[in-house]
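Take a look at the structure set out below.
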Amino acid sequence: MGFQSPALEYGALAPMLIIFGVAIIGVIVEAFLSAKVRAPIQLAISLGAVVLSLSQVWRLRGSATTTAAVNSVVIDGPVLFMQGTILILSLFAFLLIADIDAFAAQASAVPGSNEEARALESGKIQTEVYPLTLFAIGGMMLFPAANDLITLFVALEVLSLPLYLMAGLSRRRRLLSQEAALKYFLLGAYSSAFFLFGAAFLYGFAGDVSLAGIRSAVSGGPGNDVFLIIGMVSLSVGLLFKVGAAPFHSWTPDVYQGAPTPITAFMAAATKVAAFGAMLRIFYVSLGGAVYSWKPIFTAIAILTMVVGSVIAIAQRDIKRMLAYSSIAHAGFLLTGVIALNQEGLKASLFYLASYGIATIGAFALVTLVRDSSGEVGDLNRWVGLAKRSPAIALIFSLFLLSFAGIPLTAGFIGKFTIFTAAYESGNIAVVVAGVLSSAIAAFFYIRVIVMIFFSDPAEDTVTVTIPSLYTNLTIWIAAIATLALGIFPAPFLDLIATFATFTR
Amino acid sequence: MNLLTSMGLLPLIGVGLIALLPATNAKLVKQSALLVSVLVAFLGITMTIGFDRGVTGFQYVERYSWIPSLGISYQLGVDGISLILILLSVLLVPIVILAGWNESEGGRFSVKTFYILILVLETMMIGVFAATDLFLFYVFFEAMLVPVYFLIGGYGSGARQAAAVKFLLYSLFGGLLMLASIIGIFVISGNQIGRTFDITALSTLEIDATTQNFLFLGFFIAFAIKAPLWPLHTWLPDAAKSATPGTSVLLLGVLDKVGTFGMIRYCVELFPEASRTFTPLIITQAVISIIYGAFLAIGQKDIKSLIAFTSISHFGFITLGIFAMTSQSNSGATLYMFNHGISTAALFLIAGWMISRRGSSTIADFGGLQRVTPILAWSFFIAGLSSLALPGLSSFVSEFLVLVGTYTRYPLAAVIATFGIILAALYILIPVQKALHGPTTAGNENLPDLNRREIAAIAPVIALIVALGFYPKPALEIINPAAQVTITKVGYSDPQPLVGGDK
């Protein structure tokens, strides 16, 4: 029997193939074109790839579930929805990245060296961030679509490796940025190891790496339950690390703070969608039968994550760190959707991910605008009195904060409401009460920021709010309108999600 | 278009209009805001006249699907209780705008913003009372915090930011607890009758006792913070003291009524069994509020804090009336909400004028105002007498109904609460004596009396106080059927008077 080439379903894989293909073209562009024309070309082909891929996702939306690439990838409703969400968030991330002055001219140059200064002066700015982002997007799209543990791991690495690099690309405060990148990389490597370890044990348990195989082994196979538990726990550690759940969250604030803000926005919004997507698939599809083994632990982790995120956020003095802890708290809320393990939970999670992602991109886009002569200003004490100078920026930023806090008429409220409803329906009332109480704690620090912006007088060393570029402006306004629209008229979007929200088992 | 939606929409149209006006022309902004609010008040009066008094259940009903997949609809309607509170809201807004003509100046934000906030708040106030969909109610309940927060923090005096934040955090905390309960009842409705937030449908649910108790507590704590009831009241004196007089009127007069309104509409009607379970506890709390609020009011040196504490005492009476569960006490409680609204409005507005004239809010700084500013002094005196429930003035009727209604079921509570009336005489008459009578304090000789605008603002309030004191029938006719329905829903019938003393 000779070698048989695997059949590839190009149609079903098109969204991912486009992104990966253009990423490779981006590398070639980076290598062969002159520095002057690189940036616009990179931006154009990246945006083009995302839009094209999005159109392919849209084309696939009604089609029946298919598996592709010899059963290693599954394309079903939730996957398409998450791919679409990731692509839309990436579109905005690219618009933010296009304000290229956030990035180091040459990532390889030693911080503070002459080489770096020369590169900046001569305008020889490298734009490798575009292909890197595309690779990360490709990995993120593959992550929730993976149908076996091997593909899952490959996707995890494809999405993570570019992110480690991108975190270190900041033009200003490069040492902090590089420290963040290294930290992210080391801890990420550990978590990958845990993930692999878990995958190996699950293979040992089920004798199969495919999610369907594990599912049938869980629901009454001859497997060894100890292997199952060890496998589940280790695999979960890897996934919980990626979503930034406590107690695996400690990288989040450092990386969010150190990374260039457009990358932070991209990471906070899109990575969360991908990681929760994969988590939802694994737990809904494969490990649902073992729910009584993992539910208590996951409930504890969800509650811990909410509380840790909300409480520690209060003590933060840096806007990006505060948003990082807020994202940890949101990871806790999202975990309640995983634990709910019902159709409502899936729908609510999809809505929550989309609405949280868009508000996060918007909020970080605004963070890029508040600057002084040395770059962005993260220190909250210097955000004081922002409303006096730029009322529009202050209002929109408050809108995003109110959405994070879950105040009615914003998307965040509908997300919180639906996800807690799902949790309550699954009988997990403890997590609802904990969620509501930590929302109250979280409200405190969101409101404190609003108070600082609106009700305090500007300090002496005032920061300036730069006039946003067209790209950033577009991002901010679309995010703001989406946050309001999803809060006031969520019905069409909820109905859309309902058509997507069934995992194929 | 339906009347309720028009009433809610009109202030928002006014907001759009004001936003287009030039910011420099403060007078035009004020006039437009006043005009809009007067129009809304007329709509409110039209609605009251058109309200069919003999009928129970909701009137002016309208319903549009909003988020069908979650069973949420935009659903409005009024019964006697909500009608009277909407009427109170729409009457107070123009009075507040007229009375506090200059309050909007010197704030942190522009004059325009002040009136935009006030009008947005008016829409929210109408919505929160008119909503017959629990989700819609919650949306208004939470969203109305935002304009109030900016009104206190942006235009108040003293430690206004701290007060605004305290107000917001207390309210949000309560609101989130309520959210958990709302989710609970929503899930139960999904299991029993299909997902809905319609409160009439929700009140037919069969909920087991334990769950009912927890859900009830979520609602009750939120409303007890709002109302506010001892020991959850500590935000109120700060907020009332820091806010502008006009904001305080809306805060104490209307917003806090959302709490007592919610106790009737949501706590009692959705969870009748749990209401009965918790009644002894709540009655105790209410009696403590009455006495505690009154004692602290007596001790206050600041006139705004004094009015705030008297309100805590009055909210105790209202809560007592609600949970005594007789139709008399319940009607009395609802009428009390209205009367407390107007007499507190009068007190706060006049206190505001006194403070702006004298530049101080300490009671001791006034003295002998009767001689210098007779109209101001008389108005304050009448408002004060109404607040202490003097027969012939409006509050007397409601307080009497509450006490009589309570006595038939909880005689001990009623007897203790009656001491509240005696204390009320102290906390009103002592400041009246200090501020209005006696020799004129140095520095006060040349204070101007009320001008025409101020008289125009206060006259209708005083007229209402006197009119409802002598002839409360129209108001009671509106309230009584609704109160009767509430009592029936809880499964109580009024005790016979003859066995009233028999506990």
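Annotations for the structure displayed:
- Per-region count, region B:130-167, residues of a type in the set (Val, Ile, Thr), in a helix (DSSP H, G or I) and more than 12 Å from every other protein chain (Cβ to nearest Cβ): 1
- Test: residue in region A:348-365 that is surrounded by fewer than 20 Cβ atoms within 10 Å (Cβ to Cβ), of a type in the set (Gly, Ala, Ser), assigned to a helix (DSSP H, G or I) and touching a helix residue (DSSP H, G or I) at 6+ places or on another chain (Cβ under 9 Å): no
- Taken together, B:Ile72, B:Ile84 contain a single residue that is in contact with a helix residue (DSSP H, G or I) (Cβ under 9 Å, 6 or more places away or on another chain), surrounded by 21 or more Cβ atoms within 10 Å (Cβ to Cβ) and within 14 Å of chain A (Cβ to nearest Cβ), which is B:Ile72.
- Failed item in (1) outside any helix (DSSP H, G or I); (2) more than 27 Å from B:Ala99 (Cα to Cα), with B:Thr441 passing the rest: (2)
- Test: A:Ile150 is over 16 Å from the mean Cα position of the chain (by Cα), surrounded by fewer than 23 Cβ atoms within 10 Å (Cβ to Cβ) and not in a loop (DSSP other than H, G, I, E, B): yes
Condition check ((1) without any contact (Cβ under 8 Å) to a residue 60 or more places away in the chain; (2) away from chain A (no Cβ under 11 Å); (3) surrounded by 23 or more Cβ atoms within 10 Å (Cβ to Cβ); (4) not in a helix (DSSP H, G or I)) across all residues:
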residue: B:Val128; (1), (2), (3), (4): no, yes, yes, no
residue: B:Leu179; (1), (2), (3), (4): yes, no, yes, no
residue: B:Val187; (1), (2), (3), (4): yes, no, no, no
residue: B:Phe216; (1), (2), (3), (4): no, yes, yes, no
residue: B:Pro231; (1), (2), (3), (4): yes, yes, no, yes
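- For A:Val273, the requirement of being crowded, with 23+ Cβ neighbours inside 10 Å, β-branched (Val, Ile, Thr) and part of a helix (DSSP H, G or I) is met.
- Selection status of B:Ile479, farther than 27 Å from B:Ile350 by Cβ and either in a helix (DSSP H, G or I) or in contact with a Gly (Cβ under 7 Å, 6 or more places away or on another chain) (or both): yes
- Tallying residues that are of a type outside the set (D, E, K, R) and assigned to a strand (DSSP E or B) within region B:57-91 yields 14.
- One residue stands out in region A:16-32 among those that are closer than 27 Å to A:Val74 by Cβ and touching a residue at least 40 places away in the same chain (Cβ under 8 Å): the one that is surrounded by the fewest Cβ atoms within 10 Å (Cβ to Cβ), namely A:Ile24.
- Residue under evaluation A:Ser250, criteria (1) of a type in the set (S, T, N, Q); (2) modelled with pLDDT under 90; (3) crowded, with 22+ Cβ neighbours inside 10 Å, criterion not met: (3)
- Filter result for A:Phe455 (more than 9 Å from every other protein chain (Cβ to nearest Cβ) and in contact with a helix residue (DSSP H, G or I) (Cβ under 8 Å, 6 or more places away or on another chain)): no
- Total residues in region A:427-445, condition under 18 Å from A:Trp383 (Cα atoms) and more than 10 Å from chain B (Cβ to nearest Cβ): 1
- Verdict on B:Ser37 being of a type outside the set (A, V, I, L, M), assigned to a helix (DSSP H, G or I) and either out of contact with any strand residue (DSSP E or B) (no Cβ under 7 Å at 6 or more places or on another chain) or within 30 Å of B:Leu347 (Cα to Cα) (or both): yes
- Residue selected from region A:391-426 under the condition within 8 Å of chain B (Cβ to nearest Cβ) and either of a type in the set (Asp, Glu) or over 16 Å from A:His330 (Cβ atoms) (or both), by the criterion surrounded by the fewest Cβ atoms within 10 Å (Cβ to Cβ): A:Leu409
- Qualifying residue in region B:313-328 (condition: more than 28 Å from B:Leu134 (Cα to Cα) and in a helix (DSSP H, G or I)): yes
- Per the listing B:Ser327, B:Ser313, B:Ser289, the residue uniquely surrounded by fewer than 24 Cβ atoms within 10 Å (Cβ to Cβ), in contact (Cβ under 8 Å) with a residue 60 or more places away in the chain and not aliphatic (A, V, I, L, M) is B:Ser327.
The values are calculated or read from the model by the stated rules, or taken from the named source; none is laboratory data. Keep in mind the model is a prediction, meaning the values are calculated, not measured. Don't worry about glycine lacking a Cβ; one is built from the backbone with ideal geometry, like all the others, and counts go over all protein chains shown.
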